[in-house]
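Please read the structure below before turning to the comments.
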Amino acid sequence: MRSAALFLVVTVCTLTACAYRDINPEAAAADERANNGYDALRSVEPGTAKLVLRARGAGYPAHFSVSASPQVCRDFVPSGYVAYSGRGIVLPWIARMNERTRSAVTGQQPYLVHEAKPGLPLQVRGYGYIQDGHGGLARFRHCGPAVVRFTPEQGRAYTVEFIWSGNAACGLAVMDATAPDAPVPVPAEVIEDCPAPG
């Protein structure tokens with residue numbers, strides 16, 4: 001009886017979660033902005049540039065690292081793990097529960113903030129992790145690394161998103177989000193064949 005009740009609660013929550021964006025699109029958009037680094041983009045320290053690193057498209061974790069080396073694929077410094085929690089699509093309490101659980105168990109965050117030196121080329125590497133199956137039958141796969149290089153400008157804020165797409169494909173998208181409501185794509189060089197993080 002207890003398992004049937006739990007199944008019912010999970011089913012109702014899942015169906016409700018799937019419809020949240022359709023039920024209240026304004027609230028869904030506001031919840032997403034409040035929890036995806038939107039506010040961090042609005043303040044840039046003088047003499048710096050700011051990056052918000054995040055993921056979208058699926059809830060799999062992605063590891064970010066950044067390098068200011070003039071040599072490609074060298075001297076990456078780990079920034080941390082991010083994972084999309086469903087903000088803007090699922091009900092806020094479900095996204096919040098996802099974020100708290102991931103942060104406590106694996107250290108994954110909904111987004112990371114990186115201060116960059118303007119005028120110097122910067123390399124950003126994203127590396128995704130996928131788990132197929134459950135328990136003892138789990139199988140881990142990877143996507144990437146995806147690496148881009150661009151030159152941040154002083155006083156500008158950028159988003160670098162690790163984007164999951166169909167069939168566990170992935171890539172990085174760089175946007176100038178100094179005006180967070182009107183982001184503009186940034187021409188970024190895609191660097192091939194960088195090694196995965198160790």
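FYI, it's all coordinate maths here, none of it is from the lab. For clarity, every value in this text was computed on a predicted model and none was experimentally measured. Here the Cβ is made from the backbone with ideal geometry for all residues, glycine too, and neighbour counts use every protein chain on show.
One table, with the values for the structure above:
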item	result
Förster radius 25 Å - calculated FRET efficiency between residue 117 and residue 182, Cβ distance, rounded to 0.05	0.50
Order of 81, 38, 127, 158 - criterion: other Cβ atoms within 10 Å of each residue's Cβ, fewest first	38, 81, 127, 158
Formal net charge of residues neighbouring residue 37 (Cβ-Cβ distance under 15 Å; K, R +1; D, E -1)	-1
In segment 97-198, GluC sites (Glu not before Pro) in a DSSP loop with at most 10 other beta-carbon atoms within 10 Å	192
Charge dipole magnitude, Cβ of K and R +1, D and E -1 - segment 26-78, Cα centre, debye nearest 20	180 debye
Neighbour-count order for 65, 43, 85, fewest beta carbons within 10 angstrom listed first	43, 65, 85
Loop trypsin sites (Lys or Arg not before Pro), segment 53-95 (other Cβ atoms within 10 Å of the site Cβ: 12 or fewer; DSSP)	74
